[in-house]
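Undergrad: Below you'll find the structure I mean.
The values are calculated or read from the model by the stated rules, or taken from the named source; none is laboratory data. The model shown is predicted, which means the values in this text are computed figures rather than measured ones. No Cβ is skipped: glycine too gets one built from the backbone with ideal geometry, and neighbour counts run over all protein chains shown. Quick note on the areas: whole protein, heavy atoms, side chains included, nothing else; ligands and nucleic acids left out. Shrake-Rupley method; radii C 1.70, N 1.55, O 1.52, S 1.80 Å.
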Amino acid sequence: MNKTLKQLHEELKSGSLTIEALVESCRKTISEKDGDIHALLGIYSEELINSQISRAKEMFANGKATTLTGIPIVLKDNILVKGEHATGGSKILENYIATYDATVVKKLKEAGTILIGRANMDEFAMGTSTENSAYGVTKNPNDITRVAGGSSGGSAAVVAYGGVPMALGSDTGGSIRGPAAFCGVVGLKTTYGNVSRSGVMSMGSSLDQIGPFGNSVSDVEEVYNIISGYDVKDSTSIPEELRDKKQEGSNKKVIGVPWNFVDRKGIDADVLVNFKAGIEKMKSAGYTIKDVSFKHLEKALAVYYIIAPAEVSSNQARYDGIRYGLSLPGDTSIQSYFESRTAGFGAEVRRRILIGTYVLSSGYYDAYYNKANLVRGLLQKEFEEVFKDADVIAMPTTPSPAFKIGEKINDPLLMYLEDIFTVPVNIVGVPAISIPSGKTESGLPLGMQFIAPNMREDMLFTIGKDFEKLI
Ligand code: GLN
């Protein structure tokens with residue numbers, strides 16, 4: 001799929017392309033390619049797809065079409081669509097049918113998109129490779145012996161192989177940006193509180209955000225424009241009056257690079273070379289590159305792997321074998337609880353629940369959880385300081401290109417280290433984008449990550465479009 005959303009929109013508007021033909025061609029590509037890649041867990045019901053097609057046609061007929069009207073989209077399987085399956089990549093929700101639409105789904109339906117199917121993901125978004133899905137791994141379309149990244153691996157892969165031009169994912173510690181980098185597409189993690197999470201399965205509630213995947217920065221911007229906005233149903237949603245519409249200056253030109261943090265032991269040589277080349281190109285294009293330093297950035301990963309599991313352990317409590325999802329019998333309700341959770345949760349989810357329960361337990365709460373929160377506060381202050389000197393911060397998205405399936409699955413620490421450049425963003429709450437920055441010699445995509453201050457997605461789009469032209 002190499003047409004932009006705007007081009008597709010023009011073709012749909014002029015009638016040179018019909019919505020049915022577009023949907024059909026997406027479905028054909030999916031049926032040809034998904035057998036190998038396994039990006040999707042399911043296609044939505046014909047009833048939903050057809051009703052969206054009718055709605056989109058009406059919108060064109062009434063002159064009410066948006067840029068996204070009639071365009072197929074795939075959703076990560078932790079996003080609820082009324083009447084449709086949503087598994088969160090977990091066995092515990094294998095037969096769960098959503099009872100309401102997520103706010104992002106409502107917005108996409110109103111905009112006239114065609115919701116096509118559900119994307120594979122690490123179980124409840126815990127992972128970096130989609131190998132933690134209860135339904136099998138998603139393979140990287142650039143090399144099927146390698147992972148597509150995670151946890152939104154399915155969303156990235158389906159866009160990368162051309163099954164749909166846009167998809168949604170969620171990003172708690174890098175789950176949009178990582179897979180975007182590994183698969184060679186654009187992925188945006190939005191400002192915390194920008195896009196409503198109502199109807200999205202929670203992982204780490206102080207970290208989770210929803211965001212789009214696309215083939216270009218402008219495509220991602222189009223989807224962002226539809227899904228962002230205040231929502232009364234999400235208590236962390238940023239109120240309208242705090243969303244400054246008049247953002248100053250598109251002439252922002254200073255890129256801060258934390259060289260000490262980036263040029264580190266463990267970073268893949270190809271990634272470093274590619275990153276430096278990308279920064280040089282921005283310099284030649286007139287950007288000022290500034291070395292910026294952080295005192296506490298090194299600690300972000302440790303902070304994340306305390307705060308995220310803590311929030312996971314509390315969020316996962318809802319899967320109790322009683323309210324919904326898998327329910328196995330037991331002599332007592334506590335026994336049924338244990339049976340259901342043991343059979344329903346995979347190893348990584350259980351690991352996180354154990355770590356999270358531990359760091360929240362009395363006696364350890366101060367030593368771990370409180371301390372992590374303190375460092376979080378320091379990091380937030382540091383980012384504010386650095387943003388006084390730089391308009392955006394640049395880092396590679398991942399420390400390595402897509403790794404082999406199976407390579408890291410038995411070493412959680414090695415896997416967690418893949419998130420080194422992405423988790424600080426979630427700890428602080430700011431927006432960040434991953435943009436394809438070229439390929440390794442063996443043809444594996446790499447990603448450049450730009451990070452902006454809160455609610456400055458507009459800067460990511462402006463700078464991102466400049467970057468895209470140079471690659
Ligand atoms: N890879 C990170 C983790 O395993 C991030 C996951 C995410 O962003 N959902 O927690």
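Undergrad: Got a sec? Which of R376, R456 is out of contact with any strand residue (DSSP E or B) (no Cβ under 7 Å at 6 or more places or on another chain) and closer than 23 Å to K283 by Cβ?
TA: Sole residue among the options that is out of contact with any strand residue (DSSP E or B) (no Cβ under 7 Å at 6 or more places or on another chain) and closer than 23 Å to K283 by Cβ: R456.
Conditions tested, residue by residue: (1) more than 14 Å from the chain's Cα centre (by Cα); (2) within 19 Å of V428 (Cα to Cα).
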| residue | (1), (2) |
| --- | --- |
| Y161 | yes, no |
| M166 | no, no |
| G169 | no, no |
| Y192 | no, yes |
| S216 | yes, no |
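Undergrad: Further question on the same structure: In region 346-381, how many residues are closer than 20 Å to K295 by Cβ and open to solvent by 30 Å² or more (accessible area, probe 1.4 Å)?
TA: Total meeting the criteria: 7.
Undergrad: Looking at (1) of a type outside the set (G, A, S); (2) open to solvent by 10 Å² or more (accessible area, probe 1.4 Å); (3) more than 16 Å from the ligand (Cβ to nearest atom), find the lone condition where E131 falls short.
TA: Tallying (1) of a type outside the set (G, A, S); (2) open to solvent by 10 Å² or more (accessible area, probe 1.4 Å); (3) more than 16 Å from the ligand (Cβ to nearest atom), E131 fails exactly one: (3).
Undergrad: Specify which of the listed residues (G35, G42, G15) is in contact with a His (Cβ under 7 Å, 6 or more places away or on another chain) and open to solvent by less than 80 Å² (accessible area, probe 1.4 Å).
TA: Selected residue: G42, the only one of G35, G42, G15 that is in contact with a His (Cβ under 7 Å, 6 or more places away or on another chain) and open to solvent by less than 80 Å² (accessible area, probe 1.4 Å).
Undergrad: So in region 285-299, with the set limited to residues that are outside any loop (DSSP other than H, G, I, E, B) and free of Cβ contacts under 8 Å to residues at least 40 places away in the same chain, which one is surrounded by the most Cβ atoms within 10 Å (Cβ to Cβ)?
TA: It comes out as I289.
Undergrad: Return the pair list, or none, for Cβ contacts closer than 7 Å from residues in region 141-165 that are of a type in the set (D, E, K, R) to residues that are not in a loop (DSSP other than H, G, I, E, B), at least 6 apart or on different chains.
TA: Hits for this filter: R146/N140; R146/K404.
Undergrad: If you don't mind, there's one more thing I want to ask. Looking at region 64-82, is at least one residue open to solvent by 30 Å² or more (accessible area, probe 1.4 Å) and more than 21 Å from L5 (Cβ to Cβ)?
TA: Yes, that holds for at least one residue.
Undergrad: So, one more: Among (1) within 12 Å of the ligand (Cβ to nearest atom); (2) surrounded by fewer than 24 Cβ atoms within 10 Å (Cβ to Cβ); (3) acidic (D, E), which single condition is E123 missing?
TA: Failing condition for E123: (2).
Undergrad: Would you mind finding the one in A308, A277, A317 that is assigned to a helix (DSSP H, G or I), under 21 Å from Y369 (Cα atoms) and more than 21 Å from the chain's Cα centre (by Cα)?
TA: A317
Undergrad: Right, here's the next one. Of everything in region 415-435, what is open to solvent by 10 Å² or more (accessible area, probe 1.4 Å) and either closer than 21 Å to L460 by Cβ or at pLDDT below 95 (or both)? Give them in sequence order.
TA: The answer is D419, I420, V428.
Undergrad: Could you say which residue among G211, G204, G193, G169 is within 27 Å of K82 (Cα to Cα), out of contact with any helix residue (DSSP H, G or I) (no Cβ under 7 Å at 6 or more places or on another chain) and within 13 Å of the ligand (Cβ to nearest atom)?
TA: Step by step, each of G211, G204, G193, G169 is checked, and only G211 is within 27 Å of K82 (Cα to Cα), out of contact with any helix residue (DSSP H, G or I) (no Cβ under 7 Å at 6 or more places or on another chain) and within 13 Å of the ligand (Cβ to nearest atom).
Undergrad: Across region 151-206, which residue is farthest from H38 (Cα to Cα) among those that are among the aromatic types (F, W, Y) and open to solvent by 10 Å² or more (accessible area, probe 1.4 Å)?
TA: The extreme case among them is Y192.
Undergrad: For region 356-471, which fully contained helices (runs of 4 or more DSSP H) count at least 3 residues that are more than 16 Å from the ligand (Cβ to nearest atom) and of a type in the set (D, E, K, R)?
TA: Fully inside region 356-471 and qualifying: 371-389, 457-470.
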